[in-house]
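Asker: Have a look at this one.
The values are calculated or read from the model by the stated rules, or taken from the named source; none is laboratory data. Everything numeric here is computed off the predicted structure, so don't read it as measured data. For neighbour counting, all protein chains shown are included, and Cβ atoms are generated from backbone atoms with ideal geometry for every residue, glycine included. Ligands, DNA and RNA are stripped out before the accessible areas are found, and what is left, the full protein with its side chains, is counted by its heavy atoms. Shrake-Rupley method; radii C 1.70, N 1.55, O 1.52, S 1.80 Å.
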Amino acid sequence: MQSIQITENKKQRAAALIESLTQLWESSVRASHDFLSDADTLSLKPYVREALKGIETLVVATDNGGCVAFMGLQEQKIEMLFVSPEYFGKGIGRRLVDLAVDEYGAVYVDVNEQNPKAAGFYRHVGFAVFRRDEVDGQGNAFPILRMKLIKGHGQGV
């Protein structure tokens, strides 16, 4: 884990980086979002590419030069956080959330209700559900849990 490098990208993002992160997103989703069909995953890819291009702050974790995780932040919200399946459970997600809270003042995150491991992870690091929406941002019937950092929990809060 010592070789993991975390860098911020607020400027133009090269097409190769966007493609690499989109592939990372897809492998992460296929390993963790059992409720999505192949068609669902493929239909979301264009939204992911656009989000990666336009997100205010993009933080990328690399290991030996290869992307292993990324996080997108907009204002006070973690808009996306995905880890390569080979790096699940190795603390990278926690490092990224701590960075989001401590350095960027993030206090919000949305999680698919049908992804209980992710919801459990965010609860573990200090977030709590404050609202539930029946559909996701594209109007699909994938309920979203809106979560907020609980004061006194997490690092730097």
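Asker: Simple spin-label model, 7 Å along Cα-to-Cβ: Arg131 to Gln23 in nm?
Answerer: 3.8
Asker: Restricting to lysine pairs 8 or more places apart or on different chains, what number in the chain have Cα atoms under 14 Å apart?
Answerer: 4
Asker: Students sometimes get this wrong: rank His124, His33 by accessible area, probe 1.4 Å, all chains present, largest first.
Answerer: His124, His33
Asker: Between Ala39 and Lys117, 0.36 nm times their residue separation minus their Cα-Cα distance comes to what?
Answerer: 25.9 nm
Asker: A further question follows. Considering only protein heavy atoms and a 1.4 Å probe, what is the carbon-and-sulfur percentage of the accessible area of the stretch 61-157?
Answerer: 49
Asker: Over the chain, what is the relative contact order in whole percent, taking alpha-carbon pairs under 8 Å and six or more residues apart?
Answerer: On the way: 241 pairs, mean separation 29.2, N = 157.
About 19 percent, as a whole number.
Asker: Oh, and also: Which chymotrypsin sites (Phe, Trp or Tyr not before Pro) from the stretch 40-109 combine a DSSP loop assignment with at most 16 other Cβ atoms within 10 Å?
Answerer: Phe88
Asker: Please return the longest stretch of the chain lacking exposed loop sites, where trypsin sites (Lys or Arg not before Pro) count only if DSSP places them in a loop and at most 16 other Cβ atoms lie within 10 Å.
Answerer: Here the longest segment lacking exposed loop sites spans 14-89.
Asker: Mind checking the per residue accessible area of the chain for me, 1.4 Å probe, whole number of Å²? All intermediate terms of the calculation are to be shown ahead of the outcome.
Answerer: Working: 8420 Å² over 157 residues.
Accessible area per residue: 54 Å².
Asker: Restricting the count to DSSP beta bridges whose residues both fall in the chain, what percent are antiparallel, rounded to a multiple of 5?
Answerer: Expressed as a percentage, antiparallel bridges in the chain total about 95.
Asker: Report, to two decimal places, the Cα Rg of the chain normalised by 2.2 N^0.38 Å (N = number of residues).
Answerer: This ratio for the chain stands at 0.98.
Asker: Suppose the chain between Thr62 and Lys90 were pulled fully straight at 0.36 nm per residue; how much longer would it get relative to their current alpha carbon spacing?
Answerer: Roughly 8.7 nm would be gained on extension.
Asker: Separate question: If you take the beta carbon distance between Gln76 and Ala14 as r and set R0 to 22 Å, what does 1/(1 + (r/R0)^6) give as a FRET efficiency, to the nearest 0.05?
Answerer: The calculated FRET efficiency here is 0.20.
Asker: Under a GNM of the chain (C-alpha, springs under 10 Å), which listed residue has the highest mean-square fluctuation: Gln138, Gln74, Gln114?
Answerer: Among Gln138, Gln74, Gln114, the largest mean-square fluctuation in the Gaussian network model of the chain belongs to Gln138.
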